[in-house]
Amino acid sequence: MSYTLIHNPNCSTSRKGLDLLTEAGITPDVRKYMNASDRLSVEELKDIAKKMGGVSPRAFLRAKDAPAAGIDAASSDEAIFEAMAENPKLIQRPIGIKGRKAVLGRPPEDLLKLV
């Protein structure tokens, strides 16, 4: 079963997560979601939330960037998913996905929970 890493090479935490996986002998399929060609759709983001145990998108929302995107406490999950798809900077990273499970790599060591 393949391991996919939702990755931003400009993020030190994301780079550390990729390094940890590589050191553990895992060569993940890397999805550089900040690139226009690799952006995540609303449906893919909903699938990630489901694989994280049915969490709200707030569980992997970069809270510090949310206000500038118009996201506040009253924003619906649907509005947050749409904002994340439109502006990938709002997505917390890295995210590891393997089979029916996904985990936020905060701290990066959490990515090893799927190994």
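Each reported figure results from applying straightforward, stated rules to the coordinates on display, with no laboratory input. What you see is a predicted model; the values in this text were computed from it and never measured. Every residue, glycine as well, gets a Cβ built from its backbone with ideal geometry; the counts of neighbours run over all protein chains shown.
Scan the range 101-115 for residues that are part of a loop (DSSP other than H, G, I, E, B) and of a type outside the set (Lys, Arg) and the total you get is 3. Taken as a whole, the structure places residue 49 among residues that are more than 16 Å from residue 11 (Cα to Cα), of a type outside the set (Val, Ile, Thr) and in contact with a helix residue (DSSP H, G or I) (Cβ under 8 Å, 6 or more places away or on another chain). Are any residues in the range 18-37 within 18 Å of residue 104 (Cβ to Cβ) and under 16 Å from the mean Cα position of the chain (by Cα), and if so, which ones? 18, 21, 28, 29, 30, 31, 32, 33, 34, listed by residue number.
With respect to being out of contact with any Phe, Trp or Tyr (no Cβ under 6 Å at 6 or more places or on another chain), of a type in the set (Lys, Arg) and surrounded by fewer than 13 Cβ atoms within 10 Å (Cβ to Cβ), residue 64 fits the description.
Tell me yes or no: at least one residue of the range 43-60 is loosely packed, with under 15 Cβ neighbours inside 10 Å and touching an Asp or Glu at 6+ places or on another chain (Cβ under 7 Å). Looking for residues that are loosely packed, with under 15 Cβ neighbours inside 10 Å and touching an Asp or Glu at 6+ places or on another chain (Cβ under 7 Å), one finds at least one in the range 43-60, hence yes.
Taking the range 1-100 as the region of interest, the strands (runs of 3 or more DSSP E) fully inside it that hold 3 or more residues being closer than 21 Å to residue 114 by Cβ and in contact (Cβ under 8 Å) with a residue 40 or more places away in the chain are 3-7, 95-98.
Residue 76 meets each of the listed conditions (1) buried (at least 16 other Cβ atoms within 10 Å of the Cβ); (2) more than 26 Å from residue 21 (Cα to Cα); (3) not hydrophobic (A, V, I, L, M, F, W, C) apart from (1).
Restricting the range 101-115 to residues that are over 16 Å from residue 46 (Cα atoms), in contact (Cβ under 8 Å) with a residue 24 or more places away in the chain and of a type in the set (D, E, K, R) leaves a set whose member that is surrounded by the fewest Cβ atoms within 10 Å (Cβ to Cβ) is 109.
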